[in-house]
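Scroll down for the structure; my scribbles are underneath it.
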Amino acid sequence: MTQRPDRLARLVRAFLVVLGLTWLSGAAAHAFLVNTLPRAGARFAEAPSQLALQFSEPVSLHSAQIRVRALNGKPRDIPDLRTGADGRNLLAALPPLESGVYVVSWKVVAGDGHLSSGEFAFGVGAQGAIPGVQDNVDTLPLPWVVGSALVLLGLTVSLGGWVSERFVWRRQAVPHAWIGAGAGLAALGSAMHLVSLMASSPSGVILDSGPGVAAVLALLAFLTSAFLARGRSRAWVGFPLVGGALAVGWQGHLGTAESFWFTPLGLAHLLLAAVWVGALVHLAQVLRSGRGGWTDGLRRGAGRYAGLAAWTVLPLLLLGGVLAWPKFAVPAELWTTRYGQLLLAKVALVLLALGLALLARMRAMPARTSGPSHLSRLVPAEGLALLGVLVLSAGLVNATPPQALTAANVLSAPPPAGPAVHAADQIGFLSVYVTAVEGELRVQVAQPTGKPGERTRVRVNGKGPAGSFTLYPRSCGRGCFRAPYEWQNGETTVRVKATDPEWPGGTAEVKLRWPPGPNQAQWLARVVQAMQAAGTFLVTEQALGGLDTSPHTFPLTADTLAATDIYMGGGAEDVRVVGRDEQGNSILSLFVPGSSIWYELHVDRENRIRQERVIAPAYAVQRTIEYPSPQKGSQP
């Protein structure tokens, strides 16, 4: 074997192991809850009669399980579920509910076959605290992880072994690759996926969904491969193996990819990775059987493997970079989320494989040793490390990548230097925040998950005291845009058209008054005191978008209001007076940067809130507050 092909293979492999196999961690498309009716955390004077859950991905109707229970009661199943037109909505009628706090739990299978679950709560009447609950998508479903590990390991060993037999060792008298055993492992993994799908479906029917059909096809393909590997048709076993790989891709994230290019590139990457690692496993088998020195046949076969690796890893490197680039997340999520922790563990195994490959290259190649004994120990160890990478990848493809950033990172641009005026609006599923600072306009856009849109684009125009204008903002980070603008004294209307390939957008229109007045933090403190002394009041709340935009009226206490309006605990910035409404109430604008929530408060002469507008990621409401008339003879 010549040194040049081997050197190329080793160098390219070093880059590949770090970057190329990253795709095997997957871009999970788990369905998570976007919106609900009744709205999560809301309180109603009368019990709602309809239930609607809106998910980020299409879900299987037959797999859905939804239950409702009183906070300390037993759950009741919600029957007669139906889906909306796009498959992302689940609709049903709620049973009659008395006053109290209720928790709705849900469990669905997304279009990629992965299970998601979670809970949300709402209240009927004024009694009881509403708990804050959320999706349980950070858990790892063990049956799916084990099944995925078996599929990846089996496909790699069988497909890579078949290629190695046919094109590396050809008709040489070397041990057969573990094609049948690998196909059997892959079939067992597909069977576990089938059982998991049947268990998650109340009806047990799986052939009415894409993941179920794909799992059946994968199982049949791998069983066929195992059967062919036993007889004279062994030479044809690669074709059903490739069919099984296509079915696995369709069953998983590749089958639900929104970008048309992701599916063919991802499938090519999966097949190339399986060929490369599986051929390495077969090389370990051959080296283990070679108890003598470097025979001519062993040298030629090892040379052909080096050539195969060299031609395989280069496209793997390119595909891995293309497919992995969009998946970069906030660095802190590497150690704060289950997904990140698995990724770090996989990187550790990758480094181990790199060290073994380097050691084999420097100490165990034919030019440096009289026999393959050293290489026969290092290559299996390298192969085991890479198979460990595949096992961790099985966990990653079933783990949910961080969908929501921490509160401090939702809008991560640095705070404005000097006085600022904030305004916000929600359009479609996007929350748009507009900030006026000296000589500059800032726009930040958040998705309903709380995550800044990586591919969000904005257009800005408007009309100010000096006339109409059009701005061309430049990016200042994910979901962040800046444009120079000389503000004129008076009111300026700013229109922001936001588009995002992942979520529906639209055009937001906000009004900003320049120059900013003095910071009214002390006035806000008096408003908080007045609300705390107001006792019980009547709130009419209306969502500004989503599934339910009808108004709901319910009684509320100051303590409950403090649990929802976080500025009452402090932390608000840039509290400005931005005008008066038709009733003569002062309008305060304020921003809570740690949670990316903007408030517009209409405050009366007694410092009580009469109207309130709230914009947050996935949350936009408008409230009107009425207070009981003072008793005759009491102090106003």
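The values are calculated or read from the model by the stated rules, or taken from the named source; none is laboratory data. Worth saying up front: this structure is predicted, and the values here are computed from it rather than measured. For neighbour counting, all protein chains shown are included, and Cβ atoms are generated from backbone atoms with ideal geometry for every residue, glycine included.
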Worksheet item: In the list ARG623, ARG576, ARG605, which residue meets the criterion of being among the basic types (Lys, Arg) and surrounded by fewer than 19 Cβ atoms within 10 Å (Cβ to Cβ)?
Response: ARG605
Worksheet item: Exactly one of (1) in a helix (DSSP H, G or I); (2) in contact with a Ser or Thr (Cβ under 6 Å, 6 or more places away or on another chain) is unmet by PRO175. Its number?
Response: (1)
Item to complete: Please give the number of the condition HIS193 fails out of (1) at pLDDT 90 or above; (2) crowded, with 24+ Cβ neighbours inside 10 Å.
Response: (1)
Response to the item:
Of (1) over 25 Å from VAL432 (Cβ atoms); (2) surrounded by 15 or more Cβ atoms within 10 Å (Cβ to Cβ); (3) among the aliphatic types (A, V, I, L, M), ALA533 fails just (2)
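Considering each residue of the stretch 221-236, count those that are within 31 Å of the chain's Cα centre (by Cα) and aliphatic (A, V, I, L, M), and give that number. Don't jump to the end; show me each part of the working.
Going residue by residue through the stretch 221-236, those that are within 31 Å of the chain's Cα centre (by Cα) are 221-222.
Subset that is aliphatic (A, V, I, L, M): 221.
Residues meeting the conditions: 1.
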Item to complete: Only residues that are surrounded by 19 or more Cβ atoms within 10 Å (Cβ to Cβ), part of a loop (DSSP other than H, G, I, E, B) and not hydrophobic (A, V, I, L, M, F, W, C): list them for the stretch 481-507, please.
Response: TYR485, ASP500, GLY505
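A quick yes/no check of all residues on (1) closer than 30 Å to GLN54 by Cα; (2) surrounded by fewer than 20 Cβ atoms within 10 Å (Cβ to Cβ); (3) modelled with pLDDT of 60 or more:
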| position | (1), (2), (3) |
| --- | --- |
| MET362 | no, yes, yes |
| PRO380 | no, yes, yes |
| LEU390 | no, no, yes |
| SER393 | yes, no, yes |
| LEU405 | yes, no, no |
| PRO415 | no, yes, yes |
| ALA424 | yes, no, yes |
| ILE427 | yes, no, yes |
| VAL432 | yes, no, yes |
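What strands (runs of 3 or more DSSP E) lie completely within the stretch 545-624 and have 1 or more residues being touching a Pro at 6+ places or on another chain (Cβ under 6 Å) and modelled with pLDDT of 80 or more? Don't jump to the end; show me each part of the working.
Details: elements: 552-557, 573-580, 586-592, 597-603, 609-616.
It comes to 573-580.
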Worksheet item: Which numbered condition trips up LEU140, out of (1) modelled with pLDDT under 90; (2) crowded, with 20+ Cβ neighbours inside 10 Å; (3) closer than 17 Å to VAL391 by Cα?
Response: (2)
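Please specify each residue of the stretch 606-630 satisfying the condition of being of a type outside the set (S, T, N, Q), more than 25 Å from LEU430 (Cβ to Cβ) and in contact (Cβ under 8 Å) with a residue 12 or more places away in the chain.
Step one: filter the stretch 606-630 for residues of a type outside the set (S, T, N, Q), giving 606, 608-610, 612-621, 623, 625-628, 630.
When the remaining residues are screened for being more than 25 Å from LEU430 (Cβ to Cβ), the result is 606, 608-610, 625-628, 630.
Scanning the stretch 606-630 gives GLU606, ARG608, ILE609, ARG610, ILE625, GLU626, TYR627, PRO628.
Out of the residues in the stretch 434-472 meeting the condition of being among the small types (Gly, Ala, Ser) and outside any strand (DSSP E or B), tell me which one is surrounded by the most Cβ atoms within 10 Å (Cβ to Cβ).
Here is the first cut: in the stretch 434-472, the ones among the small types (Gly, Ala, Ser) are 436, 439, 446, 450, 453, 462, 464, 466-468.
Cutting the leftovers down to outside any strand (DSSP E or B) gives us 439, 450, 453, 466.
On the way: GLY439: 10, GLY450: 21, GLY453: 23, ALA466: 12.
For the stretch 434-472, the residue satisfying everything is GLY453.
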Discussion item. Given (1) modelled with pLDDT of 80 or more; (2) exposed (fewer than 15 other Cβ atoms within 10 Å of the Cβ); (3) over 30 Å from ASP565 (Cα atoms), identify the lone condition not met by ALA92.
Written reply: (2)
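Table: residues versus (1) outside any helix (DSSP H, G or I); (2) at pLDDT 75 or above; (3) outside the structural domain of TRP311 (by TED's automatic domain parsing).
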{"site": "GLY73", "(1), (2), (3)": "yes, yes, yes"}
{"site": "LEU97", "(1), (2), (3)": "yes, yes, yes"}
{"site": "SER105", "(1), (2), (3)": "yes, yes, yes"}
{"site": "GLY113", "(1), (2), (3)": "yes, no, yes"}
{"site": "PRO131", "(1), (2), (3)": "yes, no, yes"}
{"site": "VAL151", "(1), (2), (3)": "no, yes, no"}
{"site": "SER158", "(1), (2), (3)": "no, yes, no"}
{"site": "TRP162", "(1), (2), (3)": "no, yes, no"}
